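Taking it in order: structure first as structure tokens, then the write-up.
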Amino acid sequence: MKCIQCRGKAVIELRQHNSAFCRDHFFEYFERQVQRTIEKFRMFGPQDRILVAVSGGKDSLVLWDVLLRFGYQADGLYVDLGIGDYSPASGEKARAFAEARQAKLHCVGLGRAYGFTVPEASARLRRVPCSPCGLSKRYVFNRFAREQGYDVVATGHNLDDEAAVLLGNLLHWNEGYLARQYPVLEAHEDGFVRKVKPLVRLTERETAAYAVLRGVDYIVEECPFSRGAQSILYKEALNKLESESPGTKRQLLFGFYERARERFRSAADAALHPCARCGQPTTSEVCAFCRMSERLVPVTQGR
Ligand code: AMP
Ligand code: FES
Ligand code: ZN
Ligand code: ZN
């Protein structure tokens with residue numbers, strides 16, 4: 001197998017693009033895809049302060065690595081969710097990455113800052129861990145970015161993640177989520193910081209290859225709560241389709257962005273205002289995060 005650019009020995013074949021690349025041309029290809037996404041969706045410019053949400057996994061560390069290579073002002077934010085051995089191990093990967101590149105990493109411990117961890121919230125609310133986890137992450141990313149004056153929050157969601165979420169939202173016709181499924185969510189005057197996903201054009205396999213070839217050390221284990229999650233089922237289904245018909249995931253996701261997403265927009269336009277407790281934007285009087293933490297942490301303890 002030869003690199004389509006230089007005819008040298010290829011290290012990766014990308015069937016969805018009918019391509020194969022040597023190491024250097026793969027880096028070039030990968031970084032061009034990220035740069036194209038940033039430009040096409042007008043995600044940010046060199047003057048913007050970017051907060052990269054880093055989990056210690058391959059996608060978010062690769063994203064941070066690429067943004068630093070491009071010369072963007074990109075700091076990291078790691079949220080310690082208090083999940084068994086998984087959280088300390090993933091936090092360590094994020095810290096080691098930052099130290100090696102002399103990049104700035106902020107850490108927020110959910111337990112220390114808000115008085116509960118994801119497993120505690122899950123047990124007390126009797127909900128699957130992913131539910132308080134997702135809610136808490138979104139809340140902390142936005143609140144931290146806003147308080148520290150960042151212009152944009154970037155996450156490492158890749159093509160496989162987004163295509164699987166889209167499939168789930170379509171299967172259940174979640175119109176509100178469909179309306180918000182886009183690589184850029186604009187800032188809102190009521191307090192939402194802009195959110196971007198610069199890796200949406202790249203697959204999980206491509207980000208893993210980039211991480212290995214660039215020597216980015218990441219946590220390989222998945223979160224222990226992810227086993228059996230619906231999203232994994234959707235990813236497997238899409239991988240089957242993709243192996244029969246390369247390019248399916250990209251067609252599904254980008255076809256949706258270009259042809260269908262606009263039709264759901266009106267579903268997302270509910271009025272936002274500041275939460276009565278914390279001031280973060282919400283469509284109800286008290287935001288979902290404050291409602292959850294009031295059930296978990298007695299009000300007298302403060303937050
Ligand atoms: P996940 O929700 O695990 O699929 O992760 C999606 C994206 O959210 C990752 O690529 C990161 O950008 C971000 N993320 C996930 N977990 C954390 C965390 N503990 N701290 C900071 N960012 C995170
Ligand atoms: Fe959130 Fe696993 S990372 S429940
Ligand atoms: Zn080459
Ligand atoms: Zn609130």
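Taken together, the values in this text are just the output of simple stated rules run on the coordinates, not laboratory data. Since we're looking at a predicted model, the values are computed, not measured. Please note: Cβ atoms are built from the backbone with ideal geometry, for glycine as well, and neighbour counts cover all protein chains shown.
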Relative contact order computed over segment 1-104 (Cα-Cα under 8 Å; 6+ residues apart), in percent: 18 percent
Given charges at Cβ of Lys, Arg, Asp, Glu: the chain dipole, positive-most of G149, L178, Q102: L178
For segment 36-113 and segment 165-212, distance of Cα centres in Å: 17 Å
Average Cα contact separation per residue, segment 133-198, under 8 Å, 6 or more apart, as relative contact order %: 40 percent
Partner lysines for K235 [C-alpha distance under 28 Å; skip if fewer than 8 residues away on the same chain]: K40, K58, K93, K137, K195, K197, K249
Dipole axis of the chain (+1 Lys, Arg; -1 Asp, Glu on Cβ), positive-most option in F21, A276, A123: F21
Check: segment 100-147 dipole with +1 on Lys, Arg Cβ and -1 on Asp, Glu Cβ, in debye: 100 debye
Degrees separating the helix 86-101 axis from the principal Cα axis of the chain, which is the longest one: 60 degrees
Per-residue HN-Hα couplings for segment 20-26 [Karplus 6.51, -1.76, 1.60; θ = phi - 60°; Hz; x = Gly/Pro]: 8, 9, 6, 4, 5, 6, 5
Nearest 10 degrees, 0 to 90: helix 58-70 Cα axis against the chain principal axis: 70 degrees
Dipole in debye (nearest 20) - segment 151-248, about Cα centre, beta carbon charges: Lys, Arg +1; Asp, Glu -1: 100 debye
Signed unit charges on C-beta, dipole axis of the chain, positive-most listed residue G57, I232, V216: I232
Dipole moment magnitude, nearest 20 debye, the chain about Cα centre, only Lys, Arg, Asp, Glu C-beta charged: 160 debye
Sorted peptide list for 11-23, 232-244, criterion being average Cβ within 10 angstrom, highest first: 11-23, 232-244
